[in-house]
Structures are given as C-alpha cells and as structure tokens.
Amino acid sequence: MKIITWNCNGALRKKYHKLEEINADIFIIQECENPNESNDTNYLNWAGNYLWIGDTKNKGIGVFAKNNLLLKKLDWSNTYKDHSVKYFLPFSINNEIDFLAIWTHQNNSPNFGYIGQLWKYLQINKDKIGNAILIGDFNSNKIWDEWDRWWNHSDVVEELSQLGIESLYHKYTKEEQGKETQPTFYLHRKIDKSYHIDYCFAPKKFADKLIKFDIGKYESWKESSDHNPIIIEFKP
C-alpha cells in the first residue's frame, strides 16, 4: 500500500498530473478544491473515489483513493467544549484500516492554533485514534514548543506515544524530533527557510510493515507548492 500526503498550495486541478507519476493507492491532499464544485471536469474525473471537507470550495482537505478501494468517512467528533476544530478528516479503507487526514489550522484561535487544534482533537477521540494512521500537514515542529503550554508539539507526540503511535519519519531515519535533516516545507519557497512540519504517525503494527519513506525533492516540487510530498509504502 502506497500513500502520499501533500499540501498542494491550492489549484490541485492544475497539478494533479504530478501525482499520477507516483501511482499511489491513497492521496491525502491539503489546500485542494472541492472536486464536486469545480468547473474542471478533468479534475472531477481524476478525483473519482474521494472525500473532501473545507469551509470554502477552493481550499480544504481531500482524500483520493483508487477506485478498487472502499473509502468511507468515519463519524468522529470535531467539537471540543463547544468549539469546532479543523481540519480533520477520519476515514477507513475497506473497513479495515482507519486513517486521520490532517491539516491543522489557525482557526482564529489566539491560543490553540495549529498543534493546539490537534491536541484538542486527541482529547475527544483518544478511544478511536489508537488504531489509526495519522497523516498530513501538522504545521508544527518541536522547535516551536513554548515553556508555558501543555499542548506543545512535544506534548502531542508524547500523548500519541502513550497510545502506541509513533512518527514513521523518525523511526525510519533514527532522527530526533526537532532535529530533522529533511524539510517538508519551504517558507515563501526559500530553501534557507525550510522546516519539517508534515508527518505520518502510526501504530506499531503498521510501523513494523514500513518499507519506504521518501520526501519529495525541493527542485522537483517548488514550482507547484511550498511543501514537498511525503511518500510512504507498507508491506501488504
């Protein structure tokens, strides 16, 4: 099973051809348009078997799967103490494997933006997340931890660890959180302003089946997005 997560930086209808070259089973794409509301019929036809959520038709998070896979949205809560958190799209493949597609958002929250949104989501869905693969644009890194917060990146990593879930990049490379040598994001597309903010976390049963973890090259993707895709492959 091959999975790709990529923040396409908008206008996926003009960029999905780059994804076809990789031939994955599942694409998890942040900042893409709603295919059903697009005027581009080629994009809609490419989308085929998909799920999508977002506040506007132009920017949301989409999951696109091969037509032979049963793709189903899961009914997990996205409300923490009367506040909606975003963007989180839980889904299953063939009623066998659960995923949580992620694009953390500032969400007009002065305190719980980005990683704080994921921290909140964890609090209300811990009973479901333990068997799921969490994947996407977290907009976060340990280097931005703040001493007086209890929902830092490190806190989220620790909570996931307690559920038996680990970062596949760090397992694969043996690097430490906050000391990643392979960026996934280039602020303003500047190579000297690069950060690792896209992740895939998975339970041990999936981590043990990991056979490939690649990050796209800056030179190949910089014209399409400020993010590089993550490409993950598991044994069947």
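Points to keep in mind about this one:
- Complete set of residues in segment 194-208 that are at pLDDT 95 or above and either closer than 21 Å to Glu166 by Cβ or touching a Leu at 6+ places or on another chain (Cβ under 7 Å) (or both): Tyr195, His196, Ile197, Asp198, Tyr199, Cys200, Phe201, Ala202, Pro203
- In segment 17-68, counting only strands (runs of 3 or more DSSP E) that sit wholly within it, the ones holding 3 or more residues that are of a type in the set (Val, Ile, Thr) and touching a residue at least 12 places away in the same chain (Cβ under 8 Å) span 26-32.
- Restricting segment 192-219 to residues that are in a loop (DSSP other than H, G, I, E, B) and out of contact with any Phe, Trp or Tyr (no Cβ under 6 Å at 6 or more places or on another chain), the residue that is nearest to Thr5 (Cα to Cα): Gly216
- Of all residues in segment 157-168, those satisfying the criterion of being surrounded by 15 or more Cβ atoms within 10 Å (Cβ to Cβ) and in contact with a strand residue (DSSP E or B) (Cβ under 6 Å, 6 or more places away or on another chain) are Leu160, Ile165, Ser167, Leu168.
- Filtering segment 75-97 for residues that are more than 30 Å from Phe112 (Cα to Cα) and in a helix (DSSP H, G or I) leaves an empty set.
- Residue check, Lys171 farther than 18 Å from Ile3 by Cβ, in contact with a helix residue (DSSP H, G or I) (Cβ under 6 Å, 6 or more places away or on another chain) and not acidic (Asp, Glu): no
- Subset of segment 206-223 [more than 18 Å from the chain's Cα centre (by Cα) and more than 28 Å from Ile191 (Cβ to Cβ)]: Asp208, Lys209, Ile211
- Within segment 33-51, being touching a strand residue (DSSP E or B) at 6+ places or on another chain (Cβ under 8 Å), farther than 23 Å from Glu233 by Cα, surrounded by 17 or more Cβ atoms within 10 Å (Cβ to Cβ) and not charged (D, E, K, R) holds for Asn34, Pro35.
The values are calculated or read from the model by the stated rules, or taken from the named source; none is laboratory data. What you see is a predicted model; the values in this text were computed from it and never measured. Heads up, the Cβs are rebuilt from the backbone with ideal geometry, glycines too, and the neighbour counts pull from every protein chain shown.
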